[in-house]
1. Output the qualifying pairs, or none if there are none: Cβ atoms under 6 angstrom, residues six or more apart or on different chains, first residue in the stretch 52-72 and touching a residue at least 40 places away in the same chain (Cβ under 8 Å), second residue part of a helix (DSSP H, G or I).
2. Taking the stated definitions as given, is residue 149 surrounded by 15 or more Cβ atoms within 10 Å (Cβ to Cβ) and either modelled with pLDDT of 95 or more or in contact with a strand residue (DSSP E or B) (Cβ under 9 Å, 6 or more places away or on another chain) (or both)?
3. For residue 195, all conditions in the list (1) free of Cβ contacts under 8 Å to residues at least 12 places away in the same chain; (2) in a helix (DSSP H, G or I) hold save one; what is the number of the exception?
4. Give the residue that is modelled with the highest pLDDT, with candidates limited to residues of the stretch 217-233 that are surrounded by 15 or more Cβ atoms within 10 Å (Cβ to Cβ) and part of a loop (DSSP other than H, G, I, E, B).
5. Report the residue count in the stretch 85-104 for those that are part of a loop (DSSP other than H, G, I, E, B), surrounded by 17 or more Cβ atoms within 10 Å (Cβ to Cβ) and in contact with a strand residue (DSSP E or B) (Cβ under 8 Å, 6 or more places away or on another chain).
6. Looking at 71, 128, 82, can you tell me which residue is surrounded by fewer than 20 Cβ atoms within 10 Å (Cβ to Cβ) and under 30 Å from residue 162 (Cβ atoms)?
7. Out of curiosity, is residue 169 within 23 Å of residue 62 (Cα to Cα), free of Cβ contacts under 8 Å to residues at least 12 places away in the same chain and in a helix (DSSP H, G or I)?
8. Of the residues 187, 166, only one is modelled with pLDDT of 95 or more, under 28 Å from residue 219 (Cβ atoms) and out of contact with any strand residue (DSSP E or B) (no Cβ under 7 Å at 6 or more places or on another chain); which?
C-alpha cells in the first residue's frame, strides 16, 4: 500500500506523496526586501537569507541543515564582468558555498545564449520549468536545467543521499502527525461520552497532552519542509 496521509504509515511510501523541502518554485520570486544601500555586498546576507527563506537558490539546500556559515552572497552577473552590479541588491542571491564555488564567474557567451544555455535564477525564471526533484535527485527539463545540473554538480552522490534522507524524515513526520491527529480525535470522542465530572476532567487532561504532542509533531514537520510555496499567479 503506498504511503499517504490517510494511511498513517511511512512504510511503502511514494516520493510524490511527500512534501519535498527542496522543491523548485513553480512561480517567479518577487523580491519583498528593500534593504538600505551597502558598499560591501556581504552586508546584504541577512536580507537575502530572509528573501529566499534560508535556501540556496540553485540547489535548494536549507541553511538550517548545513548551517548559515555554509552560505553566502552570490553575484548572478559576476562582479568581474559587471563591476557596477557588485553591490546591487537585485543582482545578489542567497547561495550555498558549494554552488557558489562551482558557479564561479560563469556568464553565458553569445553562442551559449543562442542555444538557451544559462543558469536560471528564481527572480527571472520559473525554476520548475528547468529543474525538478525526483526524491533526492535533480532532473533537468530544459537545456538550461541540464547545464545547471552538470556545471553545479547538483547530483553529487553525498548530496543526493542527504536530500533523500531528509525526504524520508518528512514521510515519517507526516505519519506521526496522522497518528497524533487520530489520538486527539479518539480522546475528544471519549470526553463527550464521559459519565462523570471526574472522568471528564481526567480525559480532558489527557486531551491537552495529546494536543501538545500533535503541535510538536507539526512543528517538527515545519522545520523540515520550511514555509509553504507561494501559489503561482
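1. From residues that are touching a residue at least 40 places away in the same chain (Cβ under 8 Å), the pairs are 54/63; 56/99; 58/99; 59/99.
2. Details: surrounded by 15 or more Cβ atoms within 10 Å (Cβ to Cβ): yes; either modelled with pLDDT of 95 or more or in contact with a strand residue (DSSP E or B) (Cβ under 9 Å, 6 or more places away or on another chain) (or both): yes.
Here the answer is yes, as residue 149 does meet what is asked.
3. In the conditions (1) free of Cβ contacts under 8 Å to residues at least 12 places away in the same chain; (2) in a helix (DSSP H, G or I), residue 195 misses (2) alone.
4. 226
5. The first filter runs over the stretch 85-104 and keeps only residues part of a loop (DSSP other than H, G, I, E, B), leaving 86-88, 104.
Subsequent filtering for residues that are surrounded by 17 or more Cβ atoms within 10 Å (Cβ to Cβ) retains 87.
Among the residues that remain, those that are also in contact with a strand residue (DSSP E or B) (Cβ under 8 Å, 6 or more places away or on another chain) are: none.
Of the residues in that region, 0 qualify.
6. It is 128.
7. Numbers: within 23 Å of residue 62 (Cα to Cα): yes; free of Cβ contacts under 8 Å to residues at least 12 places away in the same chain: no; in a helix (DSSP H, G or I): yes.
Considered against the rule, which asks whether it is within 23 Å of residue 62 (Cα to Cα), free of Cβ contacts under 8 Å to residues at least 12 places away in the same chain and in a helix (DSSP H, G or I), residue 169 comes out as no.
8. Numbers: 166 fails: modelled with pLDDT of 95 or more.
Result: 187 is the single residue among 187, 166 that is modelled with pLDDT of 95 or more, under 28 Å from residue 219 (Cβ atoms) and out of contact with any strand residue (DSSP E or B) (no Cβ under 7 Å at 6 or more places or on another chain).
The values are calculated or read from the model by the stated rules, or taken from the named source; none is laboratory data. These numbers come from a predicted model, not from an experiment. All Cβ positions, glycine included, derive from the backbone under ideal geometry; neighbour counts span all protein chains shown.
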